[in-house]
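Comments concern the structure below.
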Amino acid sequence: GGGEERARRACEALGVLREDHAELESQRGDIAARMEALEGERDAIALSLEGLVSERDALKLQSELLRGERDAHLEAGQDALGLQEEHDRVKAEWEGGQKQ
């Protein structure tokens with residue numbers, strides 16, 4: 001009678017609980033797998049960040065070298081201009097002297 005009904009319902013409830021538990025376990029497994037994947041992604045991102053940082057440092061160095069080179073060229077250009085002016089002045093003086 002009533003006792004059997006109660007026992008049956010208890011069994012059903014237990015079955016439902018077991019299913020819920022199994023579902024939670026599999027969800028937990030999914031979450032663990034996703035966390036692992038995320039950790040892997042995080043590591044990959046950290047690595048590529050390191051790569052970018054060293055790339056940036058290399059570019060900084062390169063631009064410093066280029067700046068130094070440019071400055072040297074500018075100085076050389078100034079020197080050349082100075083020499084040209086000197087040359088023109090001497091030439092003008094010489095030509096002036098020739099005319100007399």
Fill in: Calculated [θ] (222 nm, deg cm²/dmol) that DSSP helices of n ≥ 4 give over the chain, each run adding -39,500 (n - 2.57)
-37500 deg cm²/dmol
Discussion item. Compute the angle between helix 2-99 and the longest alpha-carbon principal axis of the chain, please, reported from 0 to 90 degrees and rounded to the nearest 10.
Written reply: 0
Discussion item. Leaving out ligands and nucleic acids, and using a 1.4 Å probe, what accessible area per residue does the chain come to in Å²?
Written reply: 93
Worksheet item: Taking all protein chains as present, what is the carbon and sulfur share of the accessible area of the chain, in % to the nearest whole number, probe 1.4 Å?
Response: 58
Worksheet item: Which value, in Å² rounded to 10, gives the accessible area of L17 with a 1.4 Å probe and all protein chains present?
Response: 110
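The values are calculated or read from the model by the stated rules, or taken from the named source; none is laboratory data. Just so you know, these numbers come straight off a predicted model, no measurement behind them. Only protein heavy atoms, including side chains, enter the accessible area calculation; ligands, DNA and RNA are left aside. Shrake-Rupley method; radii C 1.70, N 1.55, O 1.52, S 1.80 Å.
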